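Take a look at the structure set out below.
The values are calculated or read from the model by the stated rules, or taken from the named source; none is laboratory data. These figures come from a predicted structure and were not determined experimentally. Because the Cβ atoms are built from the backbone with ideal geometry, glycine has one as well, and the counts that use them run over all protein chains shown.
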Amino acid sequence: MRALVVDRSDRLVLFHATLPDRPPWWFAPGGGVEPGEADAAAVVRELEEEIGLIVDPASLPPPVWTRDSIFRWKDVDERHLERFFLVRIDEHVVDTSGLDAEEAGVVREYRWWTPDELQATPERFSPVHLPRLLMPLIEGRLPAEPLAIGD
C-alpha cells in the first residue's frame with residue numbers, strides 16, 4: 001500500500017531512496033500489508049510509522065491507483081501488488097523516527113514537492129509517471145475505479 005499525502009498547498013511528500021544496484025528515486029510512503037490487515041489499516045499504520053501522521057482509516061477514500069510491479073530487494077525479485085490511497089491533509093511536520101532499520105538504510109531524505117516541481121525535475125519517480133498521474137487527483141478528478149498505472 002502507498003499513500004499519496006497531499007497538503008493544502010497541493011504539495012506531495014515523497015521519500016528519496018538509494019540502493020547500490022540502481023539510480024536513486026523518489027517514492028510515496030507505504031509498505032506491505034500484514035496478515036489479516038485491511039488495506040486501509042495498512043496505509044494508516046505505515047503513515048504513522050514512516051512520517052508520524054495519524055489518519056482515521058474511516059476517512060480514507062478508496063484507492064485511486066493500482067500497480068503490479070517487480071522490485072528487486074536483496075538480490076531477490078519481489079512482486080509488489082500496490083494500491084495507492086490519496087490522503088489530503090492541511091499540513092504536517094514529517095517525523096521519520098519510526099522508520100525501521102531496513103527503511104532507514106534505504107531512505108535518504110524526504111521532501112514536499114509542488115506540482116510544478118514534479119513536472120520540471122529530471123529526478124526519477126516510482127511510479128515513473130507519478131508527476132503526470134498526480135495532476136488529475138490534485139484537481140479533484142478521482143477515478144471511479146482504481147487506475148492501473150504500470151511502472
Subject >> Close pairs from segment 56-69: first at pLDDT below 95, partner in a strand (DSSP E or B) and surrounded by fewer than 18 Cβ atoms within 10 Å (Cβ to Cβ), Cβ under 6 Å, at least 6 apart >> reply: Thr66/Ala148; Asp68/Leu81; Ser69/His80
**OP:** Would you check if there is a residue in segment 97-110 being of a type outside the set (D, E, K, R) and modelled with pLDDT of 95 or more?
**Re:** yes
Original post:
Within segment 9-25, can one find any residue that is without any contact (Cβ under 8 Å) to a residue 40 or more places away in the chain and in contact with a helix residue (DSSP H, G or I) (Cβ under 8 Å, 6 or more places away or on another chain)?
Top reply: no
**OP:** State all residues of segment 26-52 that are in a helix (DSSP H, G or I), in contact (Cβ under 8 Å) with a residue 24 or more places away in the chain and either under 15 Å from Leu99 (Cα atoms) or not acidic (Asp, Glu) (or both); if no residue qualifies, say none.
**Re:** Ala40, Ala42, Val43, Glu46, Leu47, Glu48, Glu49, Glu50, Ile51
Subject >> Looking only at segment 4-39, and only at residues there that are small (Gly, Ala, Ser) and over 17 Å from Arg67 (Cα atoms), the one that is surrounded by the fewest Cβ atoms within 10 Å (Cβ to Cβ) >> reply: Gly36
**OP:** Among residues belonging to segment 116-151 that are at pLDDT 95 or above and of a type in the set (Val, Ile, Thr), point out the one that is farthest from Leu4 (Cα to Cα).
**Re:** Thr121
